[in-house]
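Beneath this line is the structure, given in structure tokens, with notes to follow.
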Amino acid sequence: MNWWRLAPPFWMLGPGWSLTPEVAGMTRKDGLGPEIKPVDAYVRRTTAPARVVVGGRHLDPAGGPAEVAVQLDGRPLRAWTVAPDRPWFVEWIDLPAGTLAGAGPYATLTVSARPATPGRPAPWIGLEQFDAAPDDQAIFALTAGWHELEHDPRLGRTWRWSSRRSVLSVRGGTADLRLTLAGEAPRRYFDRPPVVIVKAGAAEIARFSPFDDFNQEIVVPITVLQAANGEIAIETDLAYVPAERGNTPDRRQLGLKLFRIEVSEPGRAATTRSGG
């Protein structure tokens, strides 16, 4: 017999999200998504301040701009416009003390999308990132320089490629953090080890040169991170474009193939991305 004890999570998601390639496929197959029907997240009630991050992409190159809106228990929280020429978005939403108070164990956070120009068809919007936590706990989002999450169902593996410079945005945290990067051997793609530099703002906090499969744990001093406005950059001096190596139209700039990106702090559960 297996026995699991599950603590109530701080948040849960309903149908219509696209946090992994498999879930994104089911969302499209079921005819769901924020441009079709508002999608819900459930965030645990608390009187303390908290923070939410929502990220995703405009996935309709021929479509027009879309307005993405977030509500909490029916009250407007945030709205922004995303266009096909700048498809990636990450929105941080601070929830002051008392915002999550109310009846029942969970508040309902709703995300919807509609055409920014009336009369145009709704463009396809993929909601690919979500996290929520009390505002003193560290959570992060992938911002500039990352590629889409990929999945091999035969191997059961998920990964995300970085580019020459890829950025994490971290909010919260009261102590030094640990950044974990696990990836595939660069020897499969390059004839020498890359030089990988991790920076918080202008401050270099780690440097390593992997050639085989790697699992790198990096201490991020909280004072350095705060001085950098929560920005961590992962830089590599080697990257390649698949179209320049073979018969493929793929023009992405690929640096590190990462299976795991994790930010953690002492005594608390890690915030992890499976491949990103």
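The values are calculated or read from the model by the stated rules, or taken from the named source; none is laboratory data. Only a predicted model underlies this, so the values are computations on that prediction, with no experimental measurement involved. Here the Cβ is made from the backbone with ideal geometry for all residues, glycine too, and neighbour counts use every protein chain on show. When the accessible area is computed, the model is the full protein with side chains, heavy atoms only, and any ligands, DNA or RNA have been set aside. Shrake-Rupley method; radii C 1.70, N 1.55, O 1.52, S 1.80 Å.
Residues Arg252, Arg75, Arg188, Arg86, ordered by accessible area of protein heavy atoms at a 1.4 angstrom probe radius and largest first, appear as Arg86, Arg188, Arg75, Arg252. Roughly what percent of Cα-Cα pairs across the stretch 88-191 reach past 18 Å? Of all Cα-Cα distances in the stretch 88-191, 68 percent exceed 18 Å. Spin-label model, Ala97 to Trp4: label points 7 Å out along the Cα-to-beta-carbon direction sit 3.6 nm apart.
Ranking Phe211, Phe140 by solvent-accessible area of protein heavy atoms (1.4 Å probe, all protein chains present), from largest to smallest, gives Phe211, Phe140.
Computed extension length for Asp212-Asp237: 7.4 nm, one decimal, from 0.36 nm per residue of separation with the Cα-Cα distance subtracted. Rounded to the nearest 500, the helix-only mean residue ellipticity at 222 nm of the chain stands at -1500 deg cm²/dmol, with each DSSP H run of n ≥ 4 adding -39,500 (n - 2.57).
Modelled spin-label separation between Asp176 and Lys29, with each label point placed 7 Å from Cα along the Cα-to-Cβ direction: 4.6 nm. Element breakdown for the stretch 118-276 at a 1.4 angstrom probe: carbon and sulfur atoms account for 46% of the accessible area.
The residue list Val70, Leu100, Gly119 was ranked by how far each Cα lies along the charge dipole of the stretch 45-159 toward its positive end, using unit charges on Cβ atoms, and Gly119 comes out on top.
Cα-based values for the stretch 122-276, radius of gyration first and Dmax second, are 15.9, 49 Å. Both the radius of gyration and Dmax for the stretch 19-176 are 16.5, 50 Å, in that order, over alpha-carbon atoms. Accessible surface of Thr46, taken over heavy atoms with a 1.4 Å probe and every protein chain present, rounds to 40 Å². Rolling a 1.4 Å probe over the protein heavy atoms gives the chain an accessible area of 50 Å² per residue. Between the listed residues Pro15, Asn229, Ala203, the Cα displaced farthest toward the positive end of the dipole of the chain, a dipole computed from Cβ unit charges relative to the Cα centre, is found at Pro15. Is the shape of the stretch 1-64 rounded, prolate or oblate, going by the alpha carbon gyration tensor and its root eigenvalues a ≥ b ≥ c, with a/c under 1.5 for rounded and a/b larger than b/c for prolate? Oblate shape, in that a/c is at least 1.5 and b/c is the bigger or equal ratio. Kirkwood-type hydrodynamic radius, the chain: 20.0 Å, calculated from all non-identical alpha-carbon pairs. Derived scalar couplings between HN and Hα for the stretch 175-180 equal 9, 4, 10, 10, 9, 10 Hz in order, rounded to whole Hz, by the Karplus curve 6.51 cos²θ - 1.76 cosθ + 1.60 (θ = phi - 60°), x for Gly and Pro. Charge tally for Pro21 (other residues, Cβ to Cβ under 9 Å; Lys, Arg +1; Asp, Glu -1): -3.
Neighbours of Glu148 by Cβ distance under 11 Å: Lys/Arg scored +1, Asp/Glu scored -1, total +1. For the stretch 42-55, putting each phi into the Karplus relation 6.51 cos²θ - 1.76 cosθ + 1.60 with θ = phi - 60° gives couplings of 10, 10, 4, 5, 6, 8, 7, x, 9, 8, 10, 10, 10, x Hz, in residue order, rounded to whole numbers and with x for Gly and Pro.
For the chain, the dipole from Cβ point charges (+1 on Lys and Arg, -1 on Asp and Glu) about the Cα centre works out to 280 debye, to the nearest 20. The charge dipole of the stretch 121-276, taken about its Cα centre with unit charges on the Cβ atoms of Lys, Arg (+1), Asp and Glu (-1) only, comes to about 400 debye. Any idea of Met12's accessible area? Nearest 10 Å², probe 1.4 Å. It works out to around 80 Å².
When Arg51, Arg154, Arg251 are compared by accessible area of protein heavy atoms, the largest-first order is Arg154, Arg251, Arg51, using a 1.4 Å probe. Amide hydrogen proximity for Asp237: with H placed 1.01 Å from N in the peptide plane, the residues at 5 or more positions away or on another chain lying under 5 Å are Val195.
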